[in-house]
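Values quoted throughout were computed directly from the atomic coordinates according to the rules given, and no laboratory measurement underlies them. Because the structure is a prediction, the values reported are computed rather than measured. Using ideal geometry, Cβ is built from the backbone for each residue, glycine included, and neighbour counts are taken over all protein chains shown.
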Amino acid sequence: MTPPRIERRLAAILAADVTEYSQLMGADEVGTLAALKAHRRVRIAPKIASHSGRIVKTTGDGLLVEFASVVDAVACAVAVQRAMLAFNADVPAYRRMVLRIGINLGDIIIDGGDIFGDGVNVAARLEALCEPGGVCISRSANEQVRDKLSLAFADLGEQTVKNIARPVGVFGLAAKDIAALPEEPLTLPEAPAPQPGAPGRPARAVTMLVGTVLSAAVLVAGGWWLLREPAPPQAMAPTAPAAAPRPAALSPQDRRMSLIVLPFENGSGDPEQDGLAAHLTRDVTDFRAREVSVPVIPAATAAAYHGRSLDLRAIGRDYNVHFALTGSVRRQNGRLIVSATMNDLADLRQVWSQHYDRPDQPEELGPLAWRIANDSQQAATDAEVARAMRDHPGDLDKVDLMLAASTTRLQQTSKENLSERLALAERALKLDPDLGWALSQRARAQALLVITGLAPDADLAAAAKAADRAILLAPASVEALRTKATVLRAQGDLDGAAALLRQVIRLEPFWGFRYNDLGTILMMQGQAREALGNYLTARRLALQSDPVSSIDSNIAMALLATGQFPEAIAQAQLAIAEFTPESGRIAEYPWLALIAAETANGQDGQARTDLQKFLATPRTLRSMAQIQKIPLLAANPALLDGLIRAGMPADSQGG
């Protein structure tokens, strides 16, 4: 019998999907699905039709399209991304749908209305390598469009991708470059034929002109990672060169916190785990890139270093970044094991390193990537502050001041630390009254001084005004929303504060300390069991910069309130050991939990001994009258009952 004929043809294949679609669906399934359908109907399908494309199929958040011309496919992809960008300009960041698009020119197999083959598979792999909002194309596609479209794709090198036997040449167009493109058509005009008797204009001159225009567009778009800095000119005399002027704060030239996340290595030796390493690298990059003012090299660009030996100094020079994050990951014996290191590229000094060992479960990968991103960001903050204090301590700008307010040293809650954070924010606001970062920091510090009783007369009216201004400037900022929740709590609006914190948690589900904030409000509302669950989540997701001593103290209080007295005793002892001598009043809380839990557990003698030990040193909470002024403590009947039975004086005179 004659075998059935297989129909093949050469085609341009476009594959697209929505970045972080699962997170969008988790926050709002109905709204996300409706938005996706609207985007397909209004912004995607019309562009495909106008560029003579055929939608082969849609798969959840994905889309597969066939074009007869790769020029049409690339022009369509750019048009779609520009339409999405324009729409998203008025949408809060946490609700934006952002596409990744990959395009390949290759041979495909036709089966009815569907298409298959390596040509399709490569397009899908290119889409996975693409940065959000950008376009990645194969070398074969780039060969066809480079002289026909006024686009400057960056050569991202040869990439080894899953299920494709040969390396794939990848070229990328970043989202910032697409945003900076002029409105005129992308197709380059044909060179005019030379006039008889007139000298012909060399084609190279046209190419150079186009290249100059494109290079300028790249720079305007912030595409600094595509170009190397020129070598500095040789000095004419043996005199020290004048110091370069400092770039304006938050300008494209401001390199503070700038980072490249290099491809994490597969530490297992098993090629099947290559996808795990690539997934973790991309997630860490995405988390670090969420702060739009911080220059982060796109994952698709950094992927060019996969499998290559690394010259970190050269990478820092080529991309003009301050830090490089490297790492390795492997699955082993049911565990997910990751090592990560960050180097300051000015001197190759290691500024942070951490080893993570987590259960190998699907729900662990997201929180792990979040933790790596935030722990390394905190280390970069500390390093940048040290750099500023070394290079220009008498000339700190608004970013220097706010980074200083965010250092690890000031994260522990104490009157001194909060007062210093407040003072730094005030200095930054004198330089820029509309700096949302500083407005949030000032409002939060003032509210925490009231909440902790460290400065009950702090100006809550000013805090509320600053928090509202921060939200007005950035309505989608989770930091601004969290600050407003803290101010509402200080003002006594617990329901309003809890509602805002739940919104923040929906937007950033791995931001562990927000569960601690919510747990504290629930404790004050008498919902101890729900509060305990939130405290335990906060402890599981805690970052290196989070005050875990406070979380452990709160867990002890919640265990006491839910009748788990032996567990409360052990947890309180742990928290007591974690607090430092300068922690202030908050370090007294686990002592109170310990004494009350010992009483409730029938250990009356030990409770009285610990109470005397507690009162033998200077304390701010030396009587029931003082304790009952703290809303969090006053809302815990088991705490109050246990302290009274242990012999805590009724008032300070009794002490």
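Using each residue's phi in the stretch 493-498, evaluate 6.51 cos²θ - 1.76 cosθ + 1.60 at θ = phi - 60° and report the 3J(HN,Hα) Karplus result to the nearest Hz, with x for Gly and Pro.
Result, ordered by residue: 8, 5, 5, x, 5, 5 Hz.
For the stretch 322-441, with the dipole built from +1 on Lys and Arg beta-carbon atoms and -1 on Asp and Glu ones, taken about the Cα centre, which of H355, A438, F323 lies farthest toward the positive end?
H355
Hey, can you grab everything whose amide H is under 5 Å from the amide H of I109? Only 5+ residues off in sequence or another chain; H modelled, so Pro and N-termini drop out.
F116, G117
Taking the chain as a whole, which cysteines find no other cysteine Cβ under 4.7 angstrom from their Cβ?
Isolated Cys, the chain: C76.
Which of V70, L611, S258 sits closest to the plus end of the dipole of the chain, meaning its Cα is farthest towards the positive end, when Lys and Arg get +1 and Asp and Glu get -1 on the C-beta?
Of the options given, the answer is V70.
Hey, can you grab everything whose amide H is under 5 Å from the amide H of L63? Only 5+ residues off in sequence or another chain; H modelled, so Pro and N-termini drop out.
Those lying under 5 Å, H to H, from L63 are A16.
So if I average 1/r over every pair of distinct C-alpha atoms in the chain and take the inverse, what Kirkwood radius in Å does that give?
28.0 Å
For a quick check: with amide H placed at 1.01 Å from N, whose amide H comes under 5 Å from F510's, ignoring anything fewer than 5 positions away on the same chain?
Hits under the 5 Å cutoff: none.
Rounding to the nearest 20 debye, state how big the charge dipole of the chain is about its Cα centre with +1 on each Lys and Arg Cβ and -1 on each Asp and Glu Cβ.
For this selection, approximately 600 debye.
So how tilted is helix 415-431 from the main axis of the chain? Cα-based, degrees 0 to 90, rounded to 10.
Roughly 40 degrees, rounded to the nearest 10.
How far is helix 548-561 tilted off the main Cα axis of the chain, in degrees rounded to 10, range 0 to 90?
60 degrees
Per the helix-only calculation at 222 nm, which mean residue ellipticity applies to the chain, given -39500 (n - 2.57) for every DSSP H run of n ≥ 4 and division by its residues, nearest 500 deg cm²/dmol?
-15000 deg cm²/dmol
Please compute the contact order of the stretch 259-391 in relative form: average sequence separation of alpha-carbon pairs under 8 Å and at least six residues apart, divided by the residue count, as a percent.
Here the relative contact order equals 26 percent.
Between the stretch 105-167 and the stretch 476-519, how far is it from one alpha carbon centroid to the other, in angstrom?
Centre-to-centre distance over Cα atoms comes out at 43 Å.
For the stretch 256-270, take each phi angle, set θ = phi - 60°, evaluate the Karplus expression 6.51 cos²θ - 1.76 cosθ + 1.60, and give the result in whole Hz per residue in order, putting x for glycine and proline.
So the J values, rounded to whole Hz, are 4, 6, 4, 8, 10, 9, 7, x, 5, 7, 7, x, 8, x, 9.
Could you go through the stretch 485-491 in sequence order and give the Karplus-derived ³J(HN,Hα) for each residue, using 6.51 cos²θ - 1.76 cosθ + 1.60 with θ = phi - 60°, rounded to whole Hz, and x for Gly and Pro?
4, 5, 5, 4, 4, 5, 7
Which of G134, T620, L149 sits farthest toward the positive end of the charge dipole of the chain, with +1 on the Cβ of Lys and Arg and -1 on the Cβ of Asp and Glu?
L149
Label-point separation (nm) for A625 and D28, each offset 7 Å from Cα along Cα-to-Cβ?
Distance between the two pseudo-spin positions: 5.2 nm.
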